Amino acid sequence: MKKLLALTFSLCVGPALACGPSAPLAADVLLSCKIEGRDRVLSVCAANGQAYYVYGAPDQLPELELITPLRDVDVTPWPGVGGSIWEEMIFTNNDVEYVVWQSVQRDPENTEHSGGVNVREKGAETDLLASLTCDPAILFSEAGIFAFSDAKIANGQKWDLNQHIWVERP
């Protein structure tokens with residue numbers, strides 16, 4: 001059923017952009033959405049130890065496709081506190097970081113899933129080059145709110161609570 005939903009979503013946003021032309025058809029969709037106010041789609045997928053960042057217009061080849069080994073992608077897991085449950089996954093392209101995030105409010109009255117990408121120079125946490133938000137009506141995550149962390153865990157890593165880094169599982 002999940003693969004059918006992913007296929008249906010990918011047909012809506014464009015088959016060339018589901019997870020990018022380089023990703024296997026069976027890739028897990030960690031996050032995919034239409035960007036608010038733009039005719040662009042953002043997708044983050046995982047397959048065979050690789051993470052895929054794909055951005056571009058529907059029904060066209062991606063404007064940007066980044067492929068990084070999952071063990072090298074920086075994922076910030078939810079720390080367990082705050083008014084929302086969130087995660088972020090950071091892809092690096094030369095000196096530019098693409099910080100993909102997803103969040104859900106902990107309020108049972110408002111459980112809307114949100115997401116987007118913040119683009120910044122490497123290491124510049126506050127000065128953004130761009131901030132793009134997903135249209136909540138067209139946002140899909142096959143793997144749920146902890147998709148980014150779950151992908152790292154499935155790839156043989158675990159979050160070290162003391163060091164606040166991902167390490168290889170023994």
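The values are calculated or read from the model by the stated rules, or taken from the named source; none is laboratory data. Source: prediction; values computed, not measured. Every residue, glycine among them, receives a Cβ derived from its backbone with ideal geometry; neighbour counts consider all protein chains shown.
Given (1) surrounded by 12 or more Cβ atoms within 10 Å (Cβ to Cβ); (2) modelled with pLDDT under 95; (3) closer than 26 Å to Leu25 by Cβ, where does Ser114 come up short, assuming only one miss?
Evaluating Ser114 over (1) surrounded by 12 or more Cβ atoms within 10 Å (Cβ to Cβ); (2) modelled with pLDDT under 95; (3) closer than 26 Å to Leu25 by Cβ leaves (3) as the failure.
Going through Val119, Val167 one at a time, which residue ends up being on the phi < 0 side of the Ramachandran plot, among the β-branched types (Val, Ile, Thr), in contact with a Ser or Thr (Cβ under 8 Å, 6 or more places away or on another chain) and without any contact (Cβ under 8 Å) to a residue 60 or more places away in the chain?
Selected residue: Val119, the only one of Val119, Val167 that is on the phi < 0 side of the Ramachandran plot, among the β-branched types (Val, Ile, Thr), in contact with a Ser or Thr (Cβ under 8 Å, 6 or more places away or on another chain) and without any contact (Cβ under 8 Å) to a residue 60 or more places away in the chain.
Go through the range 148-159 and give me each residue that's out of contact with any Pro (no Cβ under 9 Å at 6 or more places or on another chain) and either at pLDDT below 95 or outside any strand (DSSP E or B) (or both).
Asp150, Ala151, Ile153, Ala154, Gly156
Any chance the range 125-148 includes a residue that's under 18 Å from Pro69 (Cβ atoms) and out of contact with any Lys or Arg (no Cβ under 9 Å at 6 or more places or on another chain)?
Yes, there is a match, as at least one residue in the range 125-148 is under 18 Å from Pro69 (Cβ atoms) and out of contact with any Lys or Arg (no Cβ under 9 Å at 6 or more places or on another chain).
Cβ contacts < 9 Å: first residue in a strand (DSSP E or B) and of a type in the set (Lys, Arg), restricted to the range 35-47; second residue at pLDDT 95 or above and buried (at least 18 other Cβ atoms within 10 Å of the Cβ), any location; separation 6+ or different chain. Result?
Short answer, once both residue conditions are applied: none.
For the range 60-72, which residues satisfy the criterion of being within 19 Å of Gly156 (Cα to Cα) and free of Cβ contacts under 8 Å to residues at least 60 places away in the same chain?
Those that are within 19 Å of Gly156 (Cα to Cα) and free of Cβ contacts under 8 Å to residues at least 60 places away in the same chain: Ile67, Thr68, Pro69, Asp72.
Inspect all residues belonging to the range 95-106 and state whether any of them is in a loop (DSSP other than H, G, I, E, B) and touching a strand residue (DSSP E or B) at 6+ places or on another chain (Cβ under 8 Å).
First, pick out the residues of the range 95-106 that are in a loop (DSSP other than H, G, I, E, B): 95, 106.
Filter once more, keeping what is touching a strand residue (DSSP E or B) at 6+ places or on another chain (Cβ under 8 Å): 95, 106.
Scanning the range 95-106, I find at least one residue that is in a loop (DSSP other than H, G, I, E, B) and touching a strand residue (DSSP E or B) at 6+ places or on another chain (Cβ under 8 Å), so the answer is yes.
When you look at Ile145, is it at pLDDT below 95, in a loop (DSSP other than H, G, I, E, B) and surrounded by 12 or more Cβ atoms within 10 Å (Cβ to Cβ), yes or no?
When the stated conditions are applied, Ile145 passes them.
Starting from residues that are assigned to a loop (DSSP other than H, G, I, E, B) and in contact (Cβ under 8 Å) with a residue 12 or more places away in the chain, keep the ones in the range 125-142 and report whichever is surrounded by the fewest Cβ atoms within 10 Å (Cβ to Cβ).
Looking at residues that are assigned to a loop (DSSP other than H, G, I, E, B) and in contact (Cβ under 8 Å) with a residue 12 or more places away in the chain, I get Glu142.
Test Phe140 against the stated conditions and say whether it is modelled with pLDDT of 95 or more, of a type outside the set (S, T, N, Q) and at negative phi. Steps first, answer last, please.
On the way: modelled with pLDDT of 95 or more: no; of a type outside the set (S, T, N, Q): yes; at negative phi: yes.
Judged against the criteria, Phe140 is not a match.
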